[in-house]
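Novice: I have a structure I would like to understand better, so I am pasting it below and will then ask my questions one at a time.
The values are calculated or read from the model by the stated rules, or taken from the named source; none is laboratory data. As the structure is a prediction and not an experimental result, all values here were calculated from the model. Note: ideal-geometry Cβ built from the backbone for every residue, glycine included; neighbour counts use all protein chains shown.
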Amino acid sequence: MTKRTILIQIDPDPQPSVFDRVVALDAGADEVFSYGGVQREQVRNLVHGAIFTRGPQDLRRTALFIGGSDVSVGEALLQEALRHMLPQFGLRVSVMLDANGANTTAAAAVRSAARHLDLAQTTALVLGGTGPVGQRVARLLARRGAEVRIGSRQPARAQAAVEAIRRKVPEARVQPAPSDLSAALAGCQLAIAAGAAGVLLLPLAARRACPTLRVVVDLNAVPPLGIEGIDVADKATERDGVIAYGAIGVGGIKMKIHKAAIARLFERNDLVLDAEEIDALGEGG
Ligand SMILES: NC(=O)c1ccc[n+]([C@@H]2O[C@H](COP(=O)([O-])OP(=O)(O)OC[C@H]3O[C@@H](n4cnc5c(N)ncnc54)[C@H](OP(=O)(O)O)[C@@H]3O)[C@@H](O)[C@H]2O)c1
């Protein structure tokens with residue numbers, strides 16, 4: 001008998017995310033086991049429960065999803081989960097990390113831009129590039145060959161983000177953006193605003209003053225938007241001569257990627273879906 005697919009939702013927040021649970025079911029998981037308030041030391045037993053209950057041939061029908069609102073906590077839980085798999089005996093299950101929606105959101109932003117630009121030939125400014133989403137956006141752009149500038153109010157944070165990206169992508173062409181916005185934008189074809197909710201980072205006048213700009217993507221859905229003069233629902237909408245994506249426009253793409261990633265988890269038992277792997281899911285995702 002074919003076993004049911006089970007997604008084990010590991011969430012460090014006190015209440016496991018309803019959003020992640022609904023998406024998991026919509027993506028085709030037969031069952032979702034949700035665990036909230038998960039601490040690092042509890043991960044081992046959750047992993048053992050996953051890997052010791054089914055034979056290796058059925059383990060692709062069990063998978064882990066690590067969520068929660070704090071990306072660094074999620075990253076630590078992912079490492080902990082991987083530590084307790086036993087691949088030498090075929091006893092492991094696939095895992096996806098999408099704490100704070102950061103991986104799927106970043107992949108959706110980059111995919112939106114890639115519909116219109118050859119990223120290897122693109123210079124991109126990532127505003128709010130020091131946050132968990134912005135850093136992933138910058139990393140994925142760099143991995144696809146773009147020249148990336150990281151915008152921040154604090155040069156030291158931008159430098160730290162650049163170094164973190166270079167550790168993961170040694171060939172990355174990435175640097176802190178100049179603090180002056182027009183200098184930061186000069187020569188850019190792409191600007192992605194990944195700043196905090198409700199913070200305007202790219203005023204209309206600055207956007208209009210940059211003749212090379214072709215695509216703008218805003219991930220902030222809370223007014224004021226991160227990019228002035230676009231609409232939150234824009235999806236490849238022309239605005240003042242540039243192609244614009246708003247947070248809801250990107251959100252539709254993000255949902256598709258999220259569902260495709262969950263479905264992919266049940267194809268094999270050895271996947272680790274972090275930012276790059278999620279970005280690499282096919283265009284169908
Ligand atoms: N659609 C989705 O599903 C989805 C999922 C996740 C996130 N998001 C959105 O994506 C965006 C980025 O998320 P995140 O969690 O990475 O954001 P975040 O950590 O809250 O903020 C990102 C960066 O914004 C800058 N910032 C914060 N407050 C600011 C202020 N008052 N003025 C100017 N800059 C400020 C900070 O950079 P510096 O201190 O270095 O300047 C910070 O590192 C948010 O708008 C979030 O709502 C959407």
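Novice: Name the residue that is farthest from the ligand (Cβ to nearest atom), counting only residues in segment 130-185 that are in contact with a Lys or Arg (Cβ under 8 Å, 6 or more places away or on another chain) and of a type in the set (Lys, Arg).
Specialist: In this case the residue turns out to be 168.
Novice: Let me ask another. Quick test of your reading of the structure: residue 118 fulfils all but one of (1) free of Cβ contacts under 8 Å to residues at least 40 places away in the same chain; (2) closer than 24 Å to residue 9 by Cβ; (3) charged (D, E, K, R). Name the failing condition by number.
Specialist: Just one mismatch for residue 118, condition (2).
Novice: If you don't mind, another one. Which ones in segment 227-282 are touching a Gly at 6+ places or on another chain (Cβ under 8 Å) and modelled with pLDDT under 95?
Specialist: 240 - this is the single residue of segment 227-282 that is touching a Gly at 6+ places or on another chain (Cβ under 8 Å) and modelled with pLDDT under 95.
Novice: What tally of residues in segment 1-36 results from selecting those that are within 23 Å of residue 104 (Cβ to Cβ) and either outside any helix (DSSP H, G or I) or acidic (Asp, Glu) (or both)? Working first, answer last.
Specialist: Residues of segment 1-36 that are within 23 Å of residue 104 (Cβ to Cβ), as a first pass: 5-36.
Okay, now just the ones that are also either outside any helix (DSSP H, G or I) or acidic (Asp, Glu) (or both), so 5-17, 20, 26-36.
Total satisfying the criteria: 25.
Novice: Sticking with this structure for a sec: Condition check: farther than 29 Å from residue 129 by Cα, more than 16 Å from the ligand (Cβ to nearest atom) and surrounded by fewer than 16 Cβ atoms within 10 Å (Cβ to Cβ). Does residue 37 satisfy that? Before the answer, list the steps.
Specialist: Details: farther than 29 Å from residue 129 by Cα: no; more than 16 Å from the ligand (Cβ to nearest atom): yes; surrounded by fewer than 16 Cβ atoms within 10 Å (Cβ to Cβ): yes.
Criteria not met by residue 37.
Novice: I would also like to ask the following. Can you report the number of residues in segment 186-224 which are over 17 Å from residue 133 (Cβ atoms) and away from the ligand (no atom under 16 Å from the Cβ)?
Specialist: Count: 15.
Novice: Just to be sure I understand, how many residues within segment 224-237 are surrounded by fewer than 14 Cβ atoms within 10 Å (Cβ to Cβ) and either of a type in the set (Asp, Glu) or out of contact with any Leu (no Cβ under 9 Å at 6 or more places or on another chain) (or both)? Can you show your working first?
Specialist: The first filter runs over segment 224-237 and keeps only residues surrounded by fewer than 14 Cβ atoms within 10 Å (Cβ to Cβ), leaving 224, 236.
Narrowing the set further to residues that are either of a type in the set (Asp, Glu) or out of contact with any Leu (no Cβ under 9 Å at 6 or more places or on another chain) (or both) leaves 236.
Within segment 224-237, residues that are surrounded by fewer than 14 Cβ atoms within 10 Å (Cβ to Cβ) and either of a type in the set (Asp, Glu) or out of contact with any Leu (no Cβ under 9 Å at 6 or more places or on another chain) (or both) number 1.
Novice: Any residue at all in segment 83-95 that's more than 16 Å from the ligand (Cβ to nearest atom), free of Cβ contacts under 8 Å to residues at least 40 places away in the same chain, out of contact with any Ser or Thr (no Cβ under 9 Å at 6 or more places or on another chain) and in a strand (DSSP E or B)?
Specialist: Yes.
Novice: Being in a helix (DSSP H, G or I), in contact (Cβ under 8 Å) with a residue 12 or more places away in the chain and surrounded by fewer than 22 Cβ atoms within 10 Å (Cβ to Cβ) is the filter here, so list the residues in segment 185-220 that pass it.
Specialist: Of the residues in segment 185-220, the ones in a helix (DSSP H, G or I) are 185, 204-208.
In the following step, the residues that additionally are in contact (Cβ under 8 Å) with a residue 12 or more places away in the chain were identified as 185, 204, 206-208.
204, 206, 208, listed by residue number.
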